[in-house]
């Protein structure tokens, strides 16, 4: 699907990034914001947004929220036609971000520009409209349970329902249809944490993409991860990435954060290639535990089975044996036949194990046959990593045993050799 | 009295011709002819009968040939106009197409290949009547063997990818002959080696294991050791890779590969920075290949047809494509020697190209090497390396440009640079900068995919350009970067001085829309 023409929506989180310069690893929560100000932190989201807006052509219609959440930045740029369609409270809150996004989406804008970081991206995701209920034909596979107990235990129960529905019902809703349900979003990078794939690489790049949309240029959109990390844990030296869902994001070569393959279309094709490559490596009679993530969903599709969006599904000989399995249930399968975990790296940080797939407990991993892990990821995803692949099973000895040069299937007959290390060895180098 | 001279503009003032030229089929005028052929004489027709008496019915066309009908002058104008809309190697400072070695190809070599003695030969002639050209090819083989250190060289393929394919086919044949083909199903390469290495290996049925670089720009030896084993058929590697960084551990790489019984194959498509300095065989490689249309005179790619040379060590000679040209003693022959085609080679991978390869390319390479001699070849490499490092210093002085990996170290013959910093500051990307360069009459290229280096551009100055030309290219790059800071929309809106504003290539990037073959096109669109 491509975007072409229309008005731009704009939502600014005015205090985004305030904690960065103050060394606070983020800006979530009034207490932290107050501390940031006391340490000399300053708001810069409005100023960065102005840099993006300057790239818009004269006469561009911008729908936005009042005051610091949008209108102030628009007033600093000549030639825009600004309409305020949301009044935030004072001071504005995260709920204002979600509500403003909902208001913009109702107006049918071509693109929602938001200024902030990962926390803001989550709020934007919350505000995007949800699709209507999906009606499945009788011949379609049964809908899977949307969010399971394991997801709740790992904090994934906060996942936006829109994403869960759309990923989980491949038989009922066409991919293009579901993308059309929500306005695409694009982040102007202003936060401290920006691990999500929905950000442009710079304010100027965000403005250039928005300009391309306004001018009717063809801009490909693809679903990008919205991930966030607990700031409290980062401050304690622990990196905990959680996938909160995906959102349609315009992708212009080199202008959207992530050094991926040249276009969204070819990136989607690359994911299908990874799935096809992984499918050739599955042995008859062996049991495979498919972890969460879009790449695993593509593998399931390649195998002709329906994938639980964020759960671990058990597959043997192209048949789904159990959806959304718990660690205990996975362990049970290891007594029946040789079992292997099939995983991809989560977000931009390269976690193979220990983030979003805690069903792969140490006991399960120790019971797997050789090789215990089949890993699949696009070349673009690997090139976007800041460091090696990370393993965090909660068992240091097991982490060390699983570490080393990991074979990663990147396509049919295509394997990349990438170093995997225990996450504990990397934490000291992480933000 | 002297006329006042206008000051030289800081940048070249350039504007390309724009003709809005239709397709030649759209120019067709019914009945118009380039050459008017007289009607057959009645007596001839009376003797032979009509054409239907001469041409068998099964070979006769059932419909007229659909060719444009045009006078010669109009044909000439059409193609000259199209040629003026090109940005060709003969009139731009063509260092922007790094990896392609866009050097000067001496025009005297074109004269050589256009002599009737060569031009009018037919490849299927009796070898006794083509001894001269067979001698040239045989002697060129000996030269390339000396340059590479290998034993024999086949020049049957028409390009680099063909030569890589020939090498992969020989690797497979070697393992088959040793009864190990079923076991050795993997080929190892690197992300910065030319993608044709991985493609050829996959086409031959191998799984491809790709190694990624460390901070120094080449893969860690431990990574290679983790990748190889009894399942490994070969290592296919370039050195220096597209970054221009030379892997100093290459001998250790080759030794590691040999220790598991695999072969080591060196992609020397671009050998311009190492001619006469290093040799593939001396580093232990079992095979290598050259692109004769890059390093050895003939222009690359669309500049003309190519030529690939596959060079092998002694143990792989039996697997060379056939026929090979052999020189045999013959007292009755001129000079006492004769050149014969040997097709009786039971272990050969077979014919891999028509006849003897792209003979004009081979003759240009022969003439180029003969003109330079051994010392001249080394001069080429040394000047190319010096020019490259001069350009490196100029580019690194441009704010926003960088050369990722191996910070502070010299490069060999090319560098893959990055505009990432400039892009983050301005939103202007490498493609836009490249298009803006065309406004000044200069070609510019980014990188092979995938983009390992963000916002990449690749420059390769070769030995062919003067300091003034290198300065002009770098000054233009710096000026465009400055434009990106001061007026990004100006750069984003380029080009302004070229015949085509923006070619839509979204279709080519979308696998759902493109088809690279007519059969694929019909399949994709249900035709």
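Points worth noting:
- Percent breakdown of C-alpha pair distances by 20 Å bin, ordered from the shortest bin, for the protein assembly as shown: 12, 38, 35, 13, 2, 0
- Percent of alpha-carbon pairs separated by more than 31 Å within chain B: 56
- Sequence of B:138, B:419, B:445, B:165 once ranked by neighbouring C-beta atoms within 10 Å, starting from the fewest: B:138, B:445, B:165, B:419
- With the simple spin-label model, which puts each label point 7 Å out from Cα in the Cβ direction, the residue B:27 to residue B:469 separation comes to 3.0 nm.
- With the simple model of a label 7 Å out from the Cα in the direction of the Cβ, residue B:151 to residue A:397 spans 5.4 nm.
- Given R0 = 60 Å, the distance between the Cβ atoms of residue B:48 and residue B:314 translates into a calculated FRET efficiency of 0.50.
- In this simple spin-label model, placing a label point 7 Å from the Cα along the Cα-to-Cβ direction at both residue B:282 and residue B:183 gives a separation of 3.4 nm.
- Difference of contour (0.36 nm per residue) and Cα-Cα distance, residue B:326 to residue B:176: 51.4 nm
- Residue-span extension gain [residue B:129 to residue B:386] - 0.36 nm each, minus C-alpha spacing: 88.0 nm
- Residue A:58-residue B:497 FRET efficiency (beta carbon distance; Förster radius 25 Å; 0.05 resolution): 0.50
- Counted residue by residue at 0.36 nm each, then reduced by the alpha carbon distance between them, the extension gain from residue B:370 to residue B:61 reaches 106.3 nm.
- Between residue B:117 and residue A:335, the FRET efficiency from the beta-carbon distance, with R0 = 60 Å, is close to 0.15.
Every read-out reported here was derived from the displayed coordinates using simple, explicitly stated rules and does not represent laboratory data. Please read these numbers as outputs of a predicted model, since none were measured by experiment. No Cβ is skipped: glycine too gets one built from the backbone with ideal geometry, and neighbour counts run over all protein chains shown.
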